[in-house]
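The values are calculated or read from the model by the stated rules, or taken from the named source; none is laboratory data. Since this is a predicted model, take the numbers as computed values, not measurements. Neighbour counts are summed over all protein chains in view; Cβ atoms, including those assigned to glycine, are modelled from backbone coordinates with ideal geometry. To get the accessible areas, we keep the full protein, side chains included, count just its heavy atoms, and leave off ligands, DNA and RNA. Shrake-Rupley method; radii C 1.70, N 1.55, O 1.52, S 1.80 Å.
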Amino acid sequence: QVQLVESGGGLVQPGGSLRLSCAASGIAFRLYDMGWYRQAPGKQRELVAATPSGGSTRYADSVKGRFTISRDNAKNTVYLQMNSLKTEDTAVYSCNSGLGIKTYWGQGTQVTVSS
């Protein structure tokens, strides 16, 4: 059974930082492309950052220079370090894994940026 479990969300003030984690089980993690997506109320889900199994990371223009995605294949975990958070970063953040036609999603974690 495949599970992706996110953690690390919460309430933070503008300018603050959070670190999201996504622990995967049931997949050959090192072979999977991993990504973080977010969906704000009334908006479509968008890709925030991705780390392929082999290749360069990529980011949405809106988070470049502020967010960093990383993965630890030994721990089957992908991280999203979010710095200089803005109110517009408020959303549900979800972890995704993909390999060919196989794709899996976590349940999501709420990030709220507010003063």
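Summary of computed values
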| quantity | calculated |
| --- | --- |
| Residues within the range 61-80 that are touching a residue at least 12 places away in the same chain (Cβ under 8 Å), open to solvent by less than 60 Å² (accessible area, probe 1.4 Å) and either closer than 19 Å to G106 by Cβ or acidic (D, E) (or both), tallied | 10 |
| Unique residue being under 11 Å from the mean Cα position of the chain (by Cα) and of a type in the set (K, R) when the list is R30, R71 | R71 |
| Hey, S94 in contact with a strand residue (DSSP E or B) (Cβ under 6 Å, 6 or more places away or on another chain), among the hydroxyl-bearing types (S, T, Y) and open to solvent by less than 20 Å² (accessible area, probe 1.4 Å) or not | yes |
| Looking only at the range 1-42, and only at residues there that are in contact with a Gly (Cβ under 7 Å, 6 or more places away or on another chain) and open to solvent by 20 Å² or more (accessible area, probe 1.4 Å), the one that is nearest to T90 (Cα to Cα) | L18 |
| Check on V111, out of contact with any Pro (no Cβ under 8 Å at 6 or more places or on another chain), surrounded by 15 or more Cβ atoms within 10 Å (Cβ to Cβ), among the aliphatic types (A, V, I, L, M) and farther than 17 Å from G16 by Cα | no |
| Only listed residue being touching a residue at least 60 places away in the same chain (Cβ under 8 Å) and under 22 Å from F29 (Cα atoms), chosen from G55, G100, G108 | G108 |
| Positions within the range 60-115 being of a type in the set (G, A, S) and out of contact with any Phe, Trp or Tyr (no Cβ under 7 Å at 6 or more places or on another chain), in sequence order | A60, S62, G65, A74, S84, A91, G100, G106, S114, S115 |
| Test: residue in the range 43-60 that is crowded, with 18+ Cβ neighbours inside 10 Å, of a type outside the set (S, T, N, Q) and over 12 Å from the mean Cα position of the chain (by Cα) | no |
